[in-house]
Amino acid sequence: MKQLWLIPALPLAGFLLNGLVALVASSMRAEKESGADHPGVPLPYAQRLFHGVVGVGSVGLAAVLSFAALVPYALGSMHAPEGLAPIVQKVYTWMAAGDYTVDVAFRLDTLSALMLSFVTLVGTLIHVYSVGYMQKEEGYGRYFSYLNLFMFAMLTLVLADSLPLLFVGWEGVGLCSYLLIGYYYDKDFAVAAGKKAFIANRVGDFGMVLGIFGVFALFGTADFSFVELAKRQVLAGNAPLGVYAVCLLLFLGACGKSAQGPLYVWLPDAMAGPTPVSALIHAATMVTAGVYLIARCSALFVLAPDALTLVAWIGAGTAIFAATIGLAQNDIKKVLAYSTVSQLGYMFLACGVGAFGAGMFHVFTHSFFKACLFLGSGSVIHAMHHEQDMRKMGGLAGRIPQTFRTMLVATLAIAGIFPLAGFFSKDMILGSAAASGHWVLYLVGLFTAGLTAFYMFRLVSMTFFGAPRGHAEHAHESPATMTVPLWILAAFSVVAGAVGIPAILGGTDAVGRFLEPSVAHPPIGEMAHGLEIGLMLLSLGVAVTGLAWAWRWYGRAAGPVEAVSPQAHAFYEKTGALGRLVANRWNVDEGIEALVLSPFRKIGTFLWRGFDALFIDGIANASAFLVELLGDLLRFFTTGHVRNYALAFTLGFAALVAYVWMS
Amino acid sequence: MTGALPGVAPMAVPPGAFLVVATLLFAIGLAGALLKRNALSIFLSIELMLNAVNLLFLTYARMRGDLAGQMIVFFVIAVAAAEAAVGLAIFVALFRTHRTVDVDKIALLKW
């Protein structure tokens, strides 16, 4: 394909068209209804058709172009011994300063091809799903224009050939995330969640920007040719320390975007947005940008092994931490949100032990089953008339069978059941952790896999099995625009793992070899075949145990809304303070409030009251007072009598003459 | 360059007399402009001052044998004519709205 720039440009055009029409139409509507706002009144059919066709069409076309570009490239790369050279297309020079230029250039290599494949595929499916899910919404046009804008930013991020251009996409997806979390802008919690996401991302972006400067300082360039330089270890300046600093700064950026470490707090709150948004932005695509960044800069990270170890520990810590929170959530979307944080932790764990290919493989498979789960939860919420509390569901399996079946498939996939997609990617991560000798990390990952299986099957059981609670009896299945994407995603959740079947199971580890030209692959050690098989069986056993446990507690749960499963409730009572802490999300939000936000607020209040209001305002008010005083004096000279004025300037002229005479 | 213009008879009245008359005319005009309350009187006083200056110009032009002074007088007359038209129009408008042309009674533009 000759024009890579068309791929991000199409959604951008969609954004402009949708946005313009939505703006004009809403102002015309407001005029016709004499300014009265009618929330909840759906748009006329013709306008909805337009937004749907433009929104889905632009992204669908971008997907078609993407596959037209990446399939030949990928096939060629698989057959060439060293892989094909990356395709780099310069569109124009963005900034030029002396010898150095920053170009708007797009790059297709195996890493961006992998990202491109699922971003466009999942993106298109979620656009189709949104047509059904959002049809009763008044902000239909606004929604689709934001969603298109997001696709533009995400594709720019993926295809960018330099860190500055990647940063444009990076900030673009952040902006769209903010806009779409706050989609229900008349609800306080949605607005607050949007702001929280934006501000938490700013913390990460601080590191990201400094990291980009650092890369420039180290290599003299910020386009991705620095990766080659890093591979050959061509460094400028105080290299070893500089490399560590740059790696940590870039990792800070990745933590913000991918919700790692303490910066995860924005992601669960981001569930305030519409569910397809959660699926697209906060599960499948945007949040994986951090992993993509690390994989893209992997050659640099390899030069700083201790920084990489930190990545692994933060990833593993986040994985188990978020998984424990997921155990006790009752909001269906919150469970999935914590699950996403936890799975992202896995990806960072993989990168941290040097298995960047395994991390990207998990990004790939995760995007399918997590998108399927989120869209499934959206279908459930749709069926339950906007009820998100799983305690008020139950017994939905027979009422919304298509949603149930697809979600069950995706759940088995994320739990890591053989031979679904999640099994291969998760096992590749755990295997890499073990092979690299990080046995503690391996055990954390293994335990987290058990927790994952438990909380996911708990979700499925509470939603679909047991006795119906609340209004679950009146649930109805969603339209085809919603169920068809579910089925497609469920199918991918089954087969996506096929690209990464390890050699020991008769596969070729295609994804690993595919990514080899674009990511670093430091030696991480070999494992005996028997051990490898043993570990696989172990992780499968842990996953099945988790599933079985969830089934035992929640499978036939018929308890009341307050204690759906009596066994689980009894267990919770027994755990005492620890259980309450987990149920209260480890009090992280409260801790951040006490340790970070409240001191900041106090400093802010001091600067406001003590400095701004007293000092700055004082100067301004005093000068205004002086001017007023002067004016009060001067105005007595303005008598309005022309004869006074005439006298004044006669005297003035006389004085002037006298002055000239004297000198 | 002092001296008579070619073909012009020397002045019968000494130039100092013209200067005294011009100064007196100017002083009378200034006093009138500052002391009178009727706008028309003020206006006439200003005309008087203008013509005092004209006389001064002419006298010096004659004394110095320089035509530039006479040129300026023509300009002053032209401008004064325009000013008369505008000024009188203002007084007509003033009279229509306020029924007076007493400048002390139309002191409106003040604090």
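Between the range A:268-322 and the range B:83-109, the C-alpha centres lie 82 angstrom from each other. Using Cβ point charges alone (K and R +1, D and E -1), the dipole size of chain A about the Cα centre works out to roughly 820 debye.
For a test of the definition: using alpha carbon positions, the gyration tensor, and the 1.5 limit on a/c, classify the range A:414-467 as rounded, prolate or oblate. Here the range A:414-467 falls in the oblate category. One quarter of the surface of the convex hull around the alpha-carbon atoms of chain A equals 42.5 nm², the direction-averaged projected area. Shape class of the range A:75-121 from the Cα gyration tensor (axes a ≥ b ≥ c, square roots of the eigenvalues): oblate, since a/c reaches 1.5 or more and a/b does not exceed b/c. When both the range A:370-400 and the range A:182-248 are represented by their alpha-carbon centers, they are found 37 Å apart. Along its first, second and third principal axes, ordered by size, the range A:19-171 spans 65, 41, 18 Å in Cα coordinates. For the peptides B:21-33, A:295-307, the ranking by mean Cβ contacts within 10 Å, running from highest to lowest, is A:295-307, B:21-33. Taking every DSSP helix (H) stretch of at least 4 residues in chain A, weighting each as -39,500 (n - 2.57) and dividing the sum by the residue count yields a mean residue ellipticity at 222 nm of -22500 deg cm²/dmol.
For the range A:309-450, just say rounded, prolate or oblate: build the C-alpha gyration tensor, square-root its eigenvalues into a ≥ b ≥ c, call rounded for a/c under 1.5, and beyond that prolate if a/b exceeds b/c, oblate if not.
Cα axes put the range A:309-450 in the prolate bin.
In plain terms, the residue of A:Met95, A:Met536, A:Met115 with the fewest other Cβ atoms within 10 Å comes first and the most crowded comes last, giving A:Met95, A:Met536, A:Met115. Evaluated over the Cα positions of the range A:438-575, the convex hull gives a direction-averaged projected area, one quarter of its surface, of 12.6 nm². Remark: for residue pairs A:Lys196/A:Lys426; A:Lys370/A:Lys426; A:Lys333/A:Lys370; A:Lys257/A:Lys370; A:Lys333/A:Lys574, the C-alpha separation exceeds 19 Å in A:Lys196/A:Lys426; A:Lys333/A:Lys574. Computed over the alpha carbons of the range B:17-111, Rg followed by Dmax gives 16.2, 52 Å.
Across the range A:549-563, computed HN-Hα scalar couplings (Karplus, 6.51 cos²θ - 1.76 cosθ + 1.60, θ = phi - 60°) run 4, 4, 5, 4, 7, 10, x, 10, 4, 10, x, x, 4, 6, 9 Hz from first to last residue, x flagging Gly and Pro.
Per-residue mean of foreign Cβ neighbours for B:102-110 is 4 (Cβ atoms of other chains, 10 Å radius).
What is the dipole size for chain B, taken about its Cα centre, with +1 at each Lys and Arg Cβ and -1 at each Asp and Glu Cβ, in debye to the nearest 20? List each step's numbers first, then the result.
Values: 8 positive and 5 negative charges, 63 e Å.
Roughly 300 debye for chain B.
Both radii come from the Cα set of the range A:304-567: Rg as radius of gyration, Rh as Kirkwood radius; their ratio Rg/Rh reads 1.00.
Normalised size of the range A:136-287, defined as Cα radius of gyration per 2.2 N^0.38 Å with N residues, equals 1.15.
With loop defined by DSSP as not H, G, I, E or B, and exposure as at most 12 other Cβ atoms within 10 Å, which is the longest segment of chain B clear of exposed trypsin sites (Lys or Arg not before Pro)? It works out to B:1-98. Size descriptors for the range A:599-662: radius of gyration and Dmax over Cα atoms are 23.6, 72 Å.
Take each residue of peptide A:632-642, count the partner chain Cβ atoms within 10 Å of its Cβ, and average: the result is 4. Scoring A:83-94, A:554-565, A:49-60 by mean Cβ neighbours within 10 Å over their residues and listing the highest first yields A:49-60, A:554-565, A:83-94.
When the Cα positions of B:Ser41, B:Ile106, B:Ile90 are compared along the charge dipole of the range B:15-106, B:Ile106 comes out farthest toward the positive end, with charges on each C-beta of Lys, Arg, Asp and Glu.
Here the range A:364-493 is treated with +1 on each Lys and Arg Cβ and -1 on each Asp and Glu Cβ, and its dipole about the Cα centre works out to around 120 debye. The alpha carbons of the range A:271-357 stretch over 42, 24, 17 Å along the principal axes, in descending order. Inter-part distance, the range A:563-623 to the range A:116-137, computed on C-alpha centroids, equals 36 Å.
How high is the relative contact order of chain A, in percent, counting Cα pairs under 8 Å that sit 6 or more residues apart?
Values: 1096 pairs, mean separation 77.9, N = 663.
RCO, chain A: 12 percent.
One equal scatterer on each Cα of the range A:376-516, no solvent, Debye formula: the resulting log10 I(q)/I(0) at q = 0.18 Å⁻¹ is -0.98. Here A:Trp266, A:Trp313 are placed in order of increasing Cβ neighbour count within 10 Å, fewest first, which gives A:Trp313, A:Trp266. Between the listed residues A:Val460, A:Gly546, A:Phe423, the Cα displaced farthest toward the positive end of the dipole of the range A:304-567, a dipole computed from Cβ unit charges relative to the Cα centre, is found at A:Val460.
For the listed peptides A:198-211, A:252-265, B:39-52, a ranking on the average number of other beta carbons within 10 Å per residue, highest first, reads A:252-265, A:198-211, B:39-52.
No lab work stands behind these numbers, since they all come straight from the coordinates. On a predicted model such as this, the values are computed, not experimentally measured, just so you know. Methodologically, a virtual Cβ is constructed for each residue, glycine included, from the backbone with ideal geometry; neighbour enumeration extends over all protein chains shown.
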